[in-house]
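The values are calculated or read from the model by the stated rules, or taken from the named source; none is laboratory data. Owing to the predicted nature of the structure, the values given are computational and were not obtained by experimental measurement. Cβ coordinates were reconstructed from backbone atoms using ideal geometry, including for glycine residues, and neighbour counts include every protein chain displayed.
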Amino acid sequence: MNEGEGVRRLVLGLVSVTSVTVAWESAARYGLVDPLFLPPPTEVLATAVDLLRHGYRGSPLWVHVGLSLGRALVAFVAAVIVGIPLGVMIGISPIFAGLIDPFVQFLRPLPKLALIPLVILWFGIGEFSKVFLIFLSASLSIVVGAAAAVANVRRQQIRAGKVLGAHGFALFRHVMLPQMAPELFVAVRLSLGIGWTTLIAAEMIAADAGLGWMAVNASAYLRTDIVMLGIVLLGLTGYVLDLAIVGLQRWVTPWAGRS
Amino acid sequence: MVAPDINRRRFVTLAAGAAALVGAPEIGRAAEKPAVVRIGYLTAARAWTIGMTDGSFDAALGTKVEWVTFPAGGPALSLLAARQIDFAIFGITPIAAGLSRKLPIEILGSPEIVATSERLIVKPGIAGIKDLEGKRIAVAPSSTMSYALEAVIRINNLDSHSIKRLPLTQPDTIAAWRRGDIDATYINGPFWGELLADGGKQLLVSADLQPAGIFVWNSAVVRKDFADGYPETVVAWLQTVQAQFDRYKADPDGVSRALAKAYGAPFEAVRDTLAGLHYPSFKEQLGPGYWGNNVESGKDAPMVRALDDVAKFLADTGEIQRDGIPGSFAQTVNYDLLNKAFPA
């Protein structure tokens, strides 16, 4: 993507976001939609200011954002640390793949909400359970992505590496990893999104703060303005996290997409 | 009353989606019958729903009746807002919240008063109320129990900050109790049965709070434009609800047994849960001990005042905005139709 293209996309993005916001506001202004169903942006903004000043249910707004972000990031880092080696091992060793893969494929599509009662019984109602739930969905997605990345390394290059005298770790480090890295980043990026979507389920476990909890709790009292604010903040935070990963990817694997 | 969260989320999503789709309200001409009447009810067995199991409502209303279940009061609000149900009976905490959000619904009395169906159960080490300080107490979020728990703390001047409230659904509460993660819980039947059997001790029941002016109950509500369009149907519905409570009072065991079968729940659990509610007749409710019989006499009626307390409590905790609370909740009661259904 060259610079001109980047600017054009930015402008298009701004135009589209602005028009949707204006349409949303006017729909409420002119009584097309009951503000109970769709609180206008100005009301959501007013709610945001109110929560910034007075907090929500005893915690300042930044604490809700920070807590959710903290839970997600801890889970996510753990998922990367556990998921990538596991996935690579599945990719390299057919025996290991045969042993582990059934569990990965069984757990991965499982709605994480269904696990809440078990997670509470096993790990209690503290922070660990919340982080664990996010970790589970993020790591499973990384495992699958990492295994696929290994499978996509070209056999020819491995053979060439071997001929040139590379074996074991050297082969992995200098031949396989550079090829896998861009795909690993894609896997990590996807898993971040998936982990972030598990946040609401995680924060249903005895939470009294956090963005996901805030949105769910507010819905019980028909506070659609807070629900909307929670959704906007969840979306924006997820977006920023994604941008951060993309930035990291460009920095670590500048060769991606240029072979 | 809150059941598993999966349901709750599904309902909220469905309701929100439906809300976006359903635009114009159905405009009914007065005195005509609606094509269908949709009645919302809690997933747990309730005495009046005996009329669902045998078609009593279909017969009495003379039109098609659809029954829509909801696991807790929060989703009930969403269903009402999305015009997916016309009538419902559920807890005052969400009703006070809905009315403060200008949800167009009207109150039709308080047919179910919580007496012993909701209880504060503690671990054996806790001897009295004062011992709750510094403890962890589980309570279903946005429920009448969470309101009652706060009332216990306030009435007894407990150090509120030292008490850790854990928002947990009832099944999750039982799991946390078994693991020793909580010291106490304010919980409804039949769930307390399991905790009492597990060595739990009952500290108090919601009826014990009544001398302090704390009432917890379930109200019947109707969507306002439904009541405006089909007043006769509302009158017939109220009389049918009363008839079901009369059936229960005449034969508690028989009705409990039929409901246990319909809901797939143990008979004893249903019987004990239903016995934990108190059922004043609508006629009694129109007296000075409950709602009064018009907006004027209702202003100082105990239930109207209690509803105001609930709303103020919700505003104090930051759940609702104070300026949304109605000037008097008597204005949100449809005295006309109540009087028409149960003339003095």
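Some observations on this one:
- Restricting segment B:52-74 to residues that are crowded, with 23+ Cβ neighbours inside 10 Å and over 23 Å from B:Ala306 (Cα atoms), the residue that is nearest to the other protein chains (Cβ to nearest Cβ) is B:Phe70.
- Residues located in segment A:96-134, provided they are more than 13 Å from chain B (Cβ to nearest Cβ), in a loop (DSSP other than H, G, I, E, B) and exposed (fewer than 15 other Cβ atoms within 10 Å of the Cβ): A:Pro109
- When A:Leu171, A:Leu234 are checked against the criterion of being away from every other protein chain (no Cβ under 12 Å) and buried (at least 19 other Cβ atoms within 10 Å of the Cβ), a single residue qualifies: A:Leu234.
This table checks each residue for (1) under 19 Å from B:Thr273 (Cβ atoms); (2) touching a helix residue (DSSP H, G or I) at 6+ places or on another chain (Cβ under 6 Å); (3) of a type in the set (A, V, I, L, M, F, W, C).
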position	(1), (2), (3)
B:Phe226	no, no, yes
B:Tyr230	no, no, no
B:Val234	no, yes, yes
B:Leu238	no, yes, yes
B:Gly254	yes, no, no
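- The residues on offer are B:Pro104, B:Pro111, B:Pro94, and the sole one that is without any contact (Cβ under 8 Å) to a residue 60 or more places away in the chain and either more than 19 Å from B:Gly189 (Cα to Cα) or not charged (D, E, K, R) (or both) is B:Pro94.
- Some residue of segment A:135-143 being of a type in the set (Val, Ile, Thr), assigned to a helix (DSSP H, G or I) and more than 14 Å from chain B (Cβ to nearest Cβ): yes
- Any hit, segment B:85-94, residues being at positive phi and in the same structural domain as B:Arg322 (by TED's automatic domain parsing): no
- Any hit, segment B:60-82, residues being closer than 22 Å to B:Ala151 by Cα, in contact (Cβ under 8 Å) with a residue 12 or more places away in the chain, in a loop (DSSP other than H, G, I, E, B) and within 12 Å of the chain's Cα centre (by Cα): yes
- Among residues of segment A:18-77 being outside any helix (DSSP H, G or I) and aromatic (Phe, Trp, Tyr), the one that is farthest from the other protein chains (Cβ to nearest Cβ) is A:Tyr30.
- Considering segment B:177-200, the residues that are within 19 Å of A:Ile116 (Cβ to Cβ) and not in a helix (DSSP H, G or I) include one that is farthest from the other protein chains (Cβ to nearest Cβ), namely B:Ile187.
- Wholly within segment B:289-341, helices (runs of 4 or more DSSP H) carrying at least 1 residues that are within 14 Å of chain A (Cβ to nearest Cβ), touching a residue at least 40 places away in the same chain (Cβ under 8 Å) and closer than 19 Å to B:Leu209 by Cβ: B:302-316
- Whichever residue in segment A:68-79 is of a type outside the set (Gly, Ala, Ser), out of contact with any Ser or Thr (no Cβ under 8 Å at 6 or more places or on another chain) and surrounded by fewer than 22 Cβ atoms within 10 Å (Cβ to Cβ) and, among such residues, is nearest to A:Trp196 (Cα to Cα): A:Leu73
- B:Glu150 meets each of the listed conditions (1) modelled with pLDDT under 95; (2) out of contact with any Phe, Trp or Tyr (no Cβ under 7 Å at 6 or more places or on another chain) apart from (2).
- Which listed residue, of B:Asp336, B:Asp316, B:Asp272, is surrounded by 15 or more Cβ atoms within 10 Å (Cβ to Cβ) and at pLDDT below 95: B:Asp272
- Residue count, segment A:131-160 (criterion: among the small types (Gly, Ala, Ser) and within 10 Å of A:Ser191 (Cα to Cα)): 5
- Selected residue (only one of B:Ala207, B:Ala220, B:Ala236, B:Ala227 is of a type in the set (Gly, Ala, Ser), part of a strand (DSSP E or B) and within 28 Å of B:Glu106 (Cα to Cα)): B:Ala220
- When restricted to residues that are within 14 Å of B:Asp54 (Cα to Cα) and either modelled with pLDDT under 95 or under 20 Å from the mean Cα position of the chain (by Cα) (or both), segment B:230-247 contains 4.
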